[in-house]
C-alpha cells in the first residue's frame, strides 16, 4: 500500500507539469477504461445460467461444466438464427398483406381437419406438425409469396429467404471456428507440459478475492477435481508406456474384432432406418405411430448404439481423453449418418414418379409440397428427441437412483449410481442442432423450438446431475473437451450443408407452395436478381463467380494458410525454447542451491573441526597444568609417613 501511495503521488506530481488538454485526455481515457471494465462485469453478471454453472463447476469439475457451456452456446446461436429468419422472412409477411401466387402443379390439399375435431387429434397434430400447424408460419409451405410491395419499395422475399439461409449457415461456421480456435490454443498451451499445469493449479490456481465460504468450497472442489484429472491421465500414460509387446498385440486384436462388430451394428441400423422411412411414406395411414416410425427407429438406434459403444470401449483400453473422443466419433457417425439416410430415403420417394420423367420435376401427386413434408420430419425428430431425453431422465435415472439408494440387493449394488456420460449428452445436443440447421430451411421457426428445447434440457440435466449422478471415476480435461465438442459440431454443420445445398441447387422446388413457385430451383432466384442489376455490378459479380477468381482465391487462401502454419510453427519453436530456457534456469538455480548447501556444510564442518581443535588444545593445557601443580605440591609436602621412615 505504501508503494501504491508513492506511485499515486508521483503520478499527481507528473500531471501538474502537463497541459490541461493532456490531463483531460488522460482522465477521459482512464474513465472510459473503468467504464468498459464495469460494463464487462455487468454483462458477465447477465450471462444465462451463471449461478447454476458455478454450482456445477464446484460440485463436478470443469469437464462436466464444458457440457453446460456448450449448451449455452447453442442457445445463443439459435437465438441469432431465429432473429435472422424472423426479421427478414416472417416480419415482412406479418406487416404487409400479400396475395397467393398461382402456378402449374399448384394443387396443394390442406391437411387441416374439418368439422368437429376431437381433442386428441389436436395433440396428434401438435406432435406430427400436420393439421392446423401445416398452414402456419411454422413451415415452408405457408410462405407462398413472391414479392411484397411496401409504399414505394418492393421486397424480394425469395431472395431474402435464400440469403438468410446462406447467412445463418455461414454465421454458424464463423462462430464455431472462432470458438474452436480459442479452445485449440488453450488446449495446446495447457496440454503441452503437464508439470507446468500442476504448478499453475497448485501455486496459482486459487482466487484470493473469494470471501464467501460456499464460493471457497466450490473453488476448492474444482481445483481438486482438476488435479485428480491430471493424475489419472498420468497414471494411464504410464500404464500404456509399460505394456509389453504381447499385451499390445492382444489389445490390437481385440480392437479389430470390436470395430468389425461396430461396423455391422451401424449397417443394420442404417438399413432399418431406410426401410422404416419407405414404409411410413408408402402407407398413408393417419396414425401417429406410422408417421413417427422413422423417428422412432432413429431414436432407438441412437439410444441403443451408444450403450453398446460405451460397453465395447471398456475392453479396448484407451486413455480417458481418447476414449471419450473415439466413443463420440462412433456415436457422431451413427446419429448424423442416420439423418442422411432419412433424407436420402425421402428424396428417393420425392423424385420417383410412375411416369418417367416427372411432369413437375418431382412426385407432385404424393408430395404436392415436399419441402413441408421434409420440415415435418425434422420437426418430429426434434420433438421426439426432447420427449426421449425427458422420459429417460424421469423414468430411468430417477428410479435407478432410488433403487441404488434404498435397495440392498446385489443387482442394485452392481448397477451402482449413475455417472454423467459426457459423450452421449454432448452428442444429443449436436444431433439436435444438426436437425435444426437442416430443418430451418423447411421449418423457419425450428430455431425458436430448439431454444425452448435446450432451455428445458439444461434444467433437466442439472437436476438429474445433482440428484442422480456422481463424479466420474475416470475424470477428463475440459480444455481439450471444449475444442473437441466444437469440432464435432463443425462436422454436424458440414453434414447439414449437404442436404440444404442439394435441395436448393438440384431438386425442383414445389410449384404449390413456398416463395420459389416461379423458379425451377431455389438457386435460380439469385441469377434472376443479378440480371436486373446495372451492367457494372453484373460484370463485377460475374467476375467474382468466375473460375479464374475461384482459382486465384484458392491459391491465395492456400498461401495464407501456409503462412499461418509456418508462423504457428515458429511460435511453437519459440515457446519450446523459452520452456527450455526456463528449465535451464531452474536447473541452474538448483545447481547453485546445491553448491551453496555444500559450501554451508563445508563451513559448518570446518567450524566444528576448529572448535573441536580449540577445545582439545584447551583440555591438554589444563591437564598438564594440573599434573605439574599436583607434582609440586607432592614434592613440597611429603607424605607424613616418609619422615618416620627416614
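We did not get these values from a lab; they are worked out from the coordinates using the rules stated. Predicted model, so just to flag it, every value in this text is computed and none were measured. Here the Cβ is made from the backbone with ideal geometry for all residues, glycine too, and neighbour counts use every protein chain on show.
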Length gain on complete extension for the stretch residue 366 to residue 543, per 0.36 nm per residue less the alpha carbon to alpha carbon distance? 59.5 nm
Would you mind pulling out the separation of the Cα centroids of region 30-88 and region 132-167, in Å? 32
Nearest-0.05 FRET efficiency for residue 575 and residue 224, computed from C-beta distance (R0 22 Å): 0.15
Figure the gain on full extension for residue 565 and residue 248 (residue separation times 0.36 nm, minus the Cα-Cα span) and round it to one decimal in nm. 110.7 nm
Mind checking the full-extension length gain between residue 452 and residue 2? Use 0.36 nm per residue of separation minus the Cα-Cα distance, one decimal, nm. 156.5 nm
Where does each of 428-437, 328-337 land if you order them by average Cβ count within 10 Å, highest first? 428-437, 328-337
Just to verify a number: FRET efficiency for residue 31 and residue 612, C-beta to C-beta distance, R0 = 56 Å, to 0.05? 0.20
For labels at residue 520 and residue 39 in the simple 7 Å Cα→Cβ model, what's the distance in nm? 5.2
